[in-house]
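Following: one structure in structure tokens, then a few remarks.
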Amino acid sequence: MADQVTMVIDCDAGVDDAVAIMMALGQPNVQLIAVTCVDGNVSLDKVTLNVLRVLQKCDHLNIPVYSGASKDILGTAIEKSAVHGVNGLGDIPNQEQPPSKDLIQSEHAVLALIRMVNERPGQIMLVAIGPLTNVALAMRLDADFSSKLKELVIMGGNIRGTGTRFPTSEFNFTTDPTAAEMVLTGVRCPTIVVPLEICLSHAISYDWFDNLHQKRSARAKFVSAMYDGPLRRSKKLGRPACAIPDGCAVVVASCRASIQEVFHVPCKVETCEGLTKGQMQAPSIVRPFLFHFEGPQIDIVTKFDMDKYYQILDSIVS
């Protein structure tokens with residue numbers, strides 16, 4: 001039986017963030033107590049609205065949603081393309097009465113994160129599936145912030161130079177590499193990173209999505225509609241399956257027994273301008289004989305149980 005988890009999700013609410021939130025809400029051992037929002041896949045105002053739409057679809061509008069950083073720390077992030085659609089949820093129409101923006105809490109997400117860990121020291125698992133701007137700012141405002149977390153789980157970075165929308169780096173880290181570097185080199189709690197390559201190698205089969213089309217539940221139709229565009233792009237690129245990267249982080253966070261291979265190493269993030277900006281450096285994973293960086297030891301997951309992933313996905317769309 002999986003351990004009980006008190007979770008906060010920090011996200012930028014694209015389509016995979018939406019599925020990740022649904023997965024967390026669907027796990028009986030997970031208590032999702034808040035969602036904090038950061039600019040990333042789409043602008044911050046769209047991120048908060050998307051989170052509310054997901055919570056509405058899952059009948060959990062009681063969960064507080066906080067609006068956070070609207071820019072990366074240095075304010076130099078490049079313009080992002082609308083991979084997740086203009087609205088961030090695949091441009092699917094909202095068939096329900098849109099949730100009121102009054103549901104967004106007045107407290108800033110960074111201050112809310114600091115408050116929550118002070119109220120529940122050593123109890124909260126923070127699952128960060130967007131750029132790490134909010135997390136870095138919380139660490140800067142409260143030097144003891146990360147030491148009060150039970151655990152930090154991050155979807156981001158890469159270990160073999162694989163890129164997404166950038167040549168050799170992963171989107172979340174490249175959107176705010178300064179924040180990513182601040183977090184990885186300054187964190188003071190057990191930390192797990194699920195890097196891009198592992199998300200791609202643990203992608204979801206087209207058969208699963210085909211079966212999803214046949215399901216009648218409102219949540220199944222919601223996920224199916226959001227993934228119409230990503231599925232078409234994956235097939236056009238000749239990929240064997242379609243990745244749901246942020247869902248990988250929730251599998252690892254909610255079920256520690258699902259982890260099958262992990263490396264415990266220090267990491268750094270390239271912050272200089274150039275093709276490798278935002279790239280995560282953990283060279284000892286692929287070349288154990290190389291030197292080790294100074295810094296906190298981070299767990300890098302390289303393999304987890306796909307059967308568990310499918311089990312969790314099936315539970316949210318049935």
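The values are calculated or read from the model by the stated rules, or taken from the named source; none is laboratory data. Everything quoted here is computed from the prediction, not taken from an experiment. Cβ placement follows ideal geometry from the backbone for every residue including glycine, while neighbour counts extend to all protein chains displayed. Heads up: the accessible areas ignore ligands, DNA and RNA and are worked out on the full protein's heavy atoms, side chains in. Shrake-Rupley method; radii C 1.70, N 1.55, O 1.52, S 1.80 Å.
Take the alpha-carbon centre of segment 246-297, take the same for segment 88-118, and report the distance between them in whole Å. Segment 246-297 and segment 88-118 have Cα centres spaced 29 Å from each other.
Please state the shape class of segment 43-171: rounded when a/c is under 1.5, otherwise prolate if a/b exceeds b/c and oblate if not, all from the C-alpha gyration tensor. Oblate shape, in that a/c is at least 1.5 and b/c is the bigger or equal ratio. By the rule of a C-alpha distance below 23 Å, with chain neighbours fewer than 8 residues away ignored, the lysines paired with LYS71 are LYS46, LYS80, LYS101, LYS268, LYS277. Using a cut-off of under 15 Å, list every residue of segment 142-167 whose amide N is near the label point 7 Å from the Cα of GLN123 along the Cα-to-beta-carbon line. So the set is 148-151.
With a/c under 1.5 counting as rounded, go ahead and sort the chain into rounded, prolate or oblate using the C-alpha gyration tensor (a ≥ b ≥ c being the square roots of the eigenvalues; past the cut-off, prolate if a/b is larger than b/c, else oblate). Here the chain falls in the rounded category. Just the protein heavy atoms count here, and of the accessible area of segment 4-70 at 1.4 Å, carbon and sulfur take up 47 percent.
Descending by average beta-carbon neighbour count within 10 Å, the peptides 171-180, 212-221, 38-47, 54-63 line up as 171-180, 38-47, 54-63, 212-221, the highest first. Extending 7 Å from Cα along the Cβ direction at LYS303 and again at ASP59 yields two label points whose distance is 4.0 nm. Largest GNM mean-square fluctuation among ASN50, ASN29, ASN94, using the chain with Cα springs under 10 Å: ASN94.
In the full protein context, the chain carries 42 Å² of accessible surface per residue, based on a 1.4 Å probe and ignoring ligands, DNA and RNA. Among the protein heavy atoms of segment 102-219, carbon and sulfur supply 49% of the accessible surface, probe 1.4 Å, non-protein parts ignored. When the accessible area of segment 229-318 is computed with all protein chains present and a 1.4 Å probe, what percentage of it is carbon and sulfur? With neighbouring chains kept in place, the figure for segment 229-318 is 54 percent.
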